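S.K.: Sharing a structure, written as structure tokens. Questions coming.
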């Protein structure tokens, strides 16, 4: 999970070596005035070496948590840094971008029934296996009154806040390097969500909703414990019914899959037939509109023609009446030879006009008139 930077120099061992060296120097008979200088020189070199051990590097994607005299001091990002060496200061470097994985109810390919078996909301037993992917990047806000809020929320009025980094929470607030808190919180969130739903929701229909609820509840619990863990994804792996009723549940799943397939086929048929029906309806509407326009135009023309005939009739009523009479007779007697006799021909001859185009005008003999009677 993280690497602890160990002190490279033990001061007690260094001082013991200096005393041994000074004792040998006295026994050798050297000058007494040079001894303090040598001690200070050796001490200065040791001090420089000790201060040099305060340099350290942080790789990309990592953060260093610094403690001074056992108390958290600060965090440092990637790069070369210096901080007080041990025993004054210590540092722990954590990879905050590494995606870690936690399994609940399974270890590799081996199921762990003590973790995976749980009761659903409709009092059925289900075997649910969960995989959680997470990293150490969940920062919080710590208010001056001691409360902690998630990003996006504000501290109570009249209080100040500071950023509570993820690495500070992970190392010094929850100290969950072994993942015990995370595992317990994940199992608790899964059992709580599954215990509120029917078994069909977990097995088939609403797995996505179950995963989303587990993720939200798990993140809320981890924030409450101040672990600094950010839940990236929650996935339900194998969700099975008890072995005794597995065949029946398989039949139910198959029936539901068939239902979904039939629904998709019906939706495809609807998508195909509906545009056709709309097109046919639009075509009928346009044809009706064209027929309407045609009938209106015809009626308007007939009305105009009748109006013109009426105007002519009013100008010459007798001629128009005679013409209408002749046209009516033409329609009533289409195959009969017709003769038009002038009423004002005068004389004793009845004159007529042959309309066939071949007959000549025919004259009839005059009729005898009775003698005039004398007046008394």
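S.K.: Which length gain, in nm to one decimal place, applies between residue 200 and residue 74 when the Cα-Cα distance is subtracted from 0.36 nm times their residue separation? Each step should come with its number before you reach the end.
M.R.: Numbers: separation 126, 0.36 × 126 = 45.36 nm, distance 4.98 nm.
Extra length from residue 200 to residue 74 when fully extended: 40.4 nm.
S.K.: Going by average Cβ neighbours within 10 Å, how do the peptides 171-180, 266-275 rank, with the highest at the top?
M.R.: By packing density, highest mean first, the sequence is 171-180, 266-275.
S.K.: Sticking with the crude label model, points 7 Å out along Cα→Cβ, report the distance from residue 59 to residue 163 in nm, one decimal please.
M.R.: 2.4 nm
S.K.: Can you tell me the FRET efficiency between residue 289 and residue 329 if r is taken as the Cβ-Cβ distance and R0 is 25 Å, rounded to the nearest 0.05? Mind showing how you got there, number by number?
M.R.: On the way: r = 42 Å, r/R0 = 1.66.
Efficiency, from the Cβ-Cβ distance: 0.05.
S.K.: Using the beta-carbon distance between residue 264 and residue 145 and R0 = 56 Å, what value does 1/(1 + (r/R0)^6) give for FRET efficiency, to the nearest 0.05? Walk me through the intermediate numbers first.
M.R.: Numbers: r = 56 Å, r/R0 = 1.00.
Step by step, r from the Cβ atoms, then E = 0.50.
S.K.: For 82, 50, which order do you get if you count the other beta carbons within 10 Å of each Cβ and list the fewest first?
M.R.: 82, 50
S.K.: Mind ordering 137-146, 223-232 by average Cβ neighbours within 10 Å, highest first?
M.R.: 223-232, 137-146
S.K.: Compute the relative contact order of segment 100-241 as a whole-number percentage, counting only Cα pairs closer than 8 Å that sit 6 or more residues apart in sequence.
M.R.: Here the relative contact order equals 33 percent.
S.K.: Given 0.36 nm per residue, what is the gain on full extension from residue 125 to residue 172 after removing their alpha carbon distance, in nm?
M.R.: Roughly 13.0 nm would be gained on extension.
S.K.: Something else: Could you sort 245-251, 59-65 so that the peptide with the highest average Cβ count within 10 Å comes first and the rest follow in order? Before the final figure, lay out each step's value.
M.R.: Values: 245-251: 12.1, 59-65: 17.3.
Listed from highest to lowest mean packing, they are 59-65, 245-251.
S.K.: Tell me the label-point distance for the pair residue 20, residue 88, using the 7 Å Cα-to-Cβ offset, in nm and rounded to one decimal.
M.R.: Between residue 20 and residue 88, the label points sit 2.7 nm apart.
S.K.: Please list, by residue number, everything in segment 132-152 whose backbone N is under 17 Å from a paramagnetic label point 7 Å out along Cα→Cβ of residue 220.
M.R.: 148-152
S.K.: I would also like to ask the following. Taking 35 Å as R0, compute the FRET efficiency from the Cβ-Cβ separation of residue 245 and residue 180 and round it to 0.05.
M.R.: Calculated value: 0.55.
No lab work stands behind these numbers, since they all come straight from the coordinates. Keep in mind the model is a prediction, meaning the values are calculated, not measured. Every residue, glycine as well, gets a Cβ built from its backbone with ideal geometry; the counts of neighbours run over all protein chains shown.
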